[in-house]
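The values are calculated or read from the model by the stated rules, or taken from the named source; none is laboratory data. These numbers come from a predicted model, not from an experiment. Neighbour counts run over all protein chains shown; Cβ positions are idealised from the backbone, glycine included. What goes into the accessible areas is simple: the full protein's heavy atoms, side chains included, and nothing from ligands, DNA or RNA. Shrake-Rupley method; radii C 1.70, N 1.55, O 1.52, S 1.80 Å.
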Amino acid sequence: MRVRVSMFGPLRKYGAEVTCELEDGATVRDLRSALAEELSDEPLLARCVFATAEAIVKESSVVSSGVSYVVLPPVCGG
Amino acid sequence: MAAHHAKLSAEPIDVTALMRAVVQPKDGAVILFVGVVRNRNDGRDVVAVSYDAFVPLAERTLAAIAAETPAEVSVAVEHRTGRLAVGEASVAIAVAAPHRVEAYEASRYVIEQIKRRLPVWKQEHYVDGDSEWLDGCCLHSSDGSDHDHAPEPRL
């Protein structure tokens, strides 16, 4: 399945979103690996989490094709 | 339970409107905290800061932080997005409570949690034309202990 991941902050240099190709049943951990490949092993990824509009998702949770994912770098609001 | 106001805004924040929104007849204290863009950071002269945000999750997170304050506390909080000049308000937190102690504590709690949890990113623009995304606090997934986390920077 095809999963689109939106980029924020320092990751916007890769564009507004990056598409990853995953097997059905893949987890967020697999999504992380696929995205690392797309982003040429961007070192910041190790310090990012994945989320939906509702919440940060677990590494072990199964990726759904109908859901929009985002990758969140370390935050610095305020 | 108190009704709170939590919003990400692309427009300048009306701080007095936030204060008016929180205060009720039961309240004896209102605290307004305003974070503003300053002209110097880490030894570099700053002319502006751009704020990027994942708005839907940021608004949920702000609402969750406000709801974590004690029941007698009312919170109105807004955080800016977009490019802000030096002196502009990037975040404003109005807190009302019956007494000052809980108002001060809640105000401090909300800003500290924003620093740690809000999905917002800051890009500084410098006098020399250069710009840089600042490092920040790593967010955590509930089972994310299997990947690296660098030490947290000073807030």
- Task: Please work out the average accessible area per residue across chain A, using the 1.4 Å probe convention, and give it in Å².
- Result: 45 Å²
- What's the carbon and sulfur percent of chain B's accessible surface, probe 1.4 angstrom, rounded to a whole number? 52 percent
- For segment B:60-77, what does the Karplus curve 6.51 cos²θ - 1.76 cosθ + 1.60, with θ = phi - 60°, yield as ³J(HN,Hα) per residue in whole Hz, taken in order and with x for Gly and Pro? 4, 5, 4, 5, 5, 4, 4, 6, 7, 6, x, 4, 7, 9, 10, 10, 10, 9
- Query: Where in segment B:77-120 is the amide nitrogen less than 11 Å from a point lying 7 Å along the Cα-to-Cβ axis of B:Val36?
  - Reply: B:86-90
- Message: For the interface of A with B, what's the total buried accessible surface in square angstrom, probe 1.4 angstrom, rounded to the nearest hundred?
- Response: 2700 Å²
- Message: Ignoring ligands, DNA and RNA, please state the percent of accessible area on segment A:26-68 from carbon and sulfur, probe 1.4 Å.
- Response: 49 percent
- Query: Longest span of chain A, sites excluded, free of GluC sites (Glu not before Pro) in DSSP loop with at most 15 other C-beta atoms within 10 Å?
  - Reply: A:24-53
- Heavy-atom accessible area, 1.4 Å probe, ligands and nucleic acids excluded: residues of segment B:103-124 down by at least 10 Å² from chain alone: B:Ile114, B:Lys115, B:Leu118, B:Val120, B:Trp121, B:Lys122
- Task: Let me know the charge dipole size of chain B about its Cα centre in debye, to the nearest 20, where only the beta-carbon of Lys, Arg (+1) and Asp, Glu (-1) is charged.
- Result: 540 debye
- Query: Over segment B:5-130, what relative contact order in percent results from Cα pairs under 8 Å that are six or more residues apart?
  - Reply: 40 percent
- Determine the per residue accessible area of segment B:5-130 with all protein chains present and a 1.4 angstrom probe, expressed in square angstrom. 46 Å²
- Note on the structure: Connecting every pair of Cα atoms under 10 Å apart in chain B and solving the GNM, the largest mean-square fluctuation among B:Gly144, B:Gly28, B:Gly82 falls on B:Gly144
- Query: Residues of segment A:8-34 losing 10 Å² or more of accessible area relative to the isolated chain, 1.4 Å probe, heavy atoms only?
  - Reply: A:Phe8, A:Gly9, A:Pro10, A:Arg12, A:Arg29, A:Arg32
- Two-site label geometry, B:Ala17 and A:Ala16: point separation in nm, points 7 Å out along Cα→Cβ: 2.7 nm
- Item | Shielded residues, segment A:48-63 - accessible-area loss of 40 Å² or more between chain alone and all protein chains, probe 1.4 Å | A:Val49, A:Ala53, A:Glu54, A:Ile56, A:Lys58, A:Glu59
- Task: Give the residue from A:Met1, A:Ala51, A:Ser33 lying farthest towards the positive end of the charge dipole for chain A; charges sit on Cβ (+1 for Lys and Arg, -1 for Asp and Glu) and the dipole is referred to the Cα centre.
- Result: A:Ala51
- Task: Take chain A, compute every pairwise Cα distance, and split them into 5 Å bins from 0; I just need the percent in each bin.
- Result: 3, 16, 30, 29, 16, 5, 1, 0
- HN-Hα J in Hz across segment B:6-21 - Karplus 6.51, -1.76, 1.60, θ = phi - 60°, x for Gly and Pro: 9, 8, 9, 10, 8, 10, x, 7, 8, 5, 6, 5, 5, 5, 4, 5
